[in-house]
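What follows is one structure encoded as structure tokens, with my remarks underneath.
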Amino acid sequence: MPMKVLVVDDTNTDRLLLKLHLSKLGYTTLEASNGQEAIDQFLEHSQDLDLILMDVQMPYINGFDAVRSIRKIQEQQNQEWLPVIFLSASAEDDDIEGAILAGGDDYLMKPISQKVLSAKMLAMQRIADMRRRLVDSNLALEQLASTDHLTGVANRRSFELMLDREMSFTRRYGVPMALAMFDLDKFKVVNDTFGHDAGDAVLAEVSKRIKMALRDSDIIGRLGGEEFGIILHNVKEDDVFKVFDRYRKIVAEHPVVHEGAEIPITASIGVTMYAGKLEDKVALLKRADQSLYEAKDTGRNKVIYHPL
Ligand SMILES: Nc1nc2c(ncn2[C@@H]2O[C@H](COP(=O)(O)OP(=O)(O)OP(=O)(O)O)[C@@H](O)[C@H]2O)c(=O)[nH]1
């Protein structure tokens, strides 16, 4: 993908010439005619910007100061590195050193040779491509590390991180949430009767059914074995039992079919609510677990919810 380049120069002709040359080379350009505009453009386009060409000598906020501000913003927002090439009429060693210290990656002498600029752009394009590949593979790795490979839902680590996030959202905005522990009944019998592969197929099918029934803002994760966690975001106390009983029915009403065999399956569900009091995740999980235990102990295939 061709790079998107922000061209910053207070001299209109220099800026237009640069833009023209870059467009001819196939790059997309944005422009700014002073340091403040450069910062504003960066803020607006930081997600898809690949390179900044920054004039050094500009009134008010010069190129060095503009780049220092941009680097500070990037650091605060934990953003990826964005290459900056300074453009300057000065060939003094101090200025070149100053450019690198201000956060620049390279330095081009004015008047700019089109040949040198084309070559530098080629090098920067290589870096931009490498950076994109790195970002993509980091995303893929993060996805892999947070997903349960059998069911495709969040794994325990990632579910607990999301639970932390949901709880702090509830504390800040007072939006109540529900947490359920959801455990398949007599799953050992399923494995023993139909085989481990059939057990795996049941786990995959049940999580698929629940995922389809959840709203986009709700979360399901596999806590381990045949146990799942479910978070309902922003739910009314009166609706909690109804929603989870619907999930219970979705599991129980149709057997899972695996290699011609019909495997009846039910689940027990322990539910609790969180309205933002000073409790921690461990306390909340424990409360849901106690309700789950009660559901198992009093016959299974049921939802237990004790309003707070
Ligand atoms: N097929 C399959 N089975 C699993 C997996 N993880 C855990 N199990 C099985 O799940 C079963 C859980 O058994 P128990 O903890 O005794 O509970 P249960 O039989 O579901 O009984 P209750 O929970 O009391 O209703 C064990 O037989 C585990 O081997 C998995 O990834 N795939």
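So the values come out like this:
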quantity: The range 284-306, subset out of contact with any strand residue (DSSP E or B) (no Cβ under 7 Å at 6 or more places or on another chain) and either farther than 17 Å from Leu179 by Cα or modelled with pLDDT under 95 (or both), residue surrounded by the most Cβ atoms within 10 Å (Cβ to Cβ); calculated: His306
quantity: Positions within the range 99-154 being polar (S, T, N, Q), surrounded by 15 or more Cβ atoms within 10 Å (Cβ to Cβ) and more than 19 Å from Pro83 (Cα to Cα), in sequence order; calculated: Ser146, Thr147, Thr151
quantity: Checklist (1) closer than 20 Å to Gln41 by Cβ; (2) surrounded by 17 or more Cβ atoms within 10 Å (Cβ to Cβ) applied to Lys72, failing item; calculated: (2)
quantity: Of all residues in the range 155-207 being in a strand (DSSP E or B) and within 16 Å of the ligand (Cβ to nearest atom), the one that is surrounded by the most Cβ atoms within 10 Å (Cβ to Cβ); calculated: Phe182
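The values are calculated or read from the model by the stated rules, or taken from the named source; none is laboratory data. The structure presented is a predicted model; accordingly, all values stated were derived computationally and were not measured. Because the Cβ atoms are built from the backbone with ideal geometry, glycine has one as well, and the counts that use them run over all protein chains shown.
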